[in-house]
Every structure is written in structure tokens, then in C-alpha cells.
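Take a look at the structure set out below.
Just so it is clear, none of the values below were taken in a lab; they were calculated from the coordinates. The shown structure was predicted, so the numbers you read here are calculated from the model rather than taken from an experiment.
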């Protein structure tokens, strides 16, 4: 039963990633593209955790934490670049 639930979750998050790619490519505004990129990072984290559950190992949880930290910093840096024109003052 857990296998079917994992496959369903993989499919849902995979479709979510495709929708995020579509929003990044055709976003009407820069803010929409930033939000789609941040949501894409969250979907990738979810896929990594699901893969870790499927494989039965804890290595993917640590990788998802690293990607979460990098995703947060990159989102903040991109927003500051859009708002101010540079990242470091």
C-alpha cells in the first residue's frame, strides 16, 4: 500500500514541477517567476524526502535540508537583486 501512495505522491509532485517550469517560462511578472522558483525548490525537497522513504535511507533527508538552505538563500538573494539592483551592499 505504501508503494502506491509513494507512486501517487511522486506523480503529484512531478506534475507540480512541470507546472512550475511552465510558470517560470511564461510568467507575466518577475515576482511570479521568483515564486515559481521557490515553489520548485519545495517540490524538489518533497521529491527527495519521498525518494528517501522509498529507498529506506536517511541520506536523502540530509540532502533535502541542504537544498532547503540553498534554496532559501538563493530566493532572498534573487529578490534583493530584483528590488535593489545588487545583492551585497
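What is the angle, in °, between the Cα long axis of helix 30-55 and the longest principal axis of the Cα atoms in the chain? Nearest 10 is fine, range 0 to 90.
With both axes taken from Cα atoms, the answer is about 20 degrees.
Along the principal axes of its C-alpha atoms, what lengths does the chain span, in descending order and rounded to whole Å?
Per principal axis, max minus min of the Cα coordinates gives 50, 27, 11 Å.
On a full-extension model of 0.36 nm per residue, what is the gain between residue 10 and residue 24, subtracting their alpha-carbon distance, rounded to one decimal in nm?
On the way: separation 14, 0.36 × 14 = 5.04 nm, distance 2.09 nm.
Fully extending the segment from residue 10 to residue 24 adds 2.9 nm.
As I understand it, the value is the acute angle between the Cα axis of helix 2-26 and the longest principal axis of the Cα atoms of the chain; what does it come to in degrees, rounded to 10?
With rounding to tens, the tilt is 20 degrees.
Between the stretch 49-76 and the stretch 1-36, how many Å separate their Cα centres?
16 Å
If I stretch the segment between residue 67 and residue 39 completely, what's the gain in nm (0.36 nm per residue apart, minus their alpha carbon distance), one decimal? Please report the intermediate quantities before stating the final value.
Working: separation 28, 0.36 × 28 = 10.08 nm, distance 1.26 nm.
8.8 nm is the gain from fully extending residue 67 to residue 39.
Under the rule of -39500 (n - 2.57) per DSSP H run of 4 or more residues, summed and divided by the residues of the chain, what mean residue ellipticity at 222 nm is obtained, to the nearest 500 deg cm²/dmol?
Numbers: 3 runs with 77 residues, N = 89.
Taking each H run of at least 4 residues, the total per residue is -31000 deg cm²/dmol.
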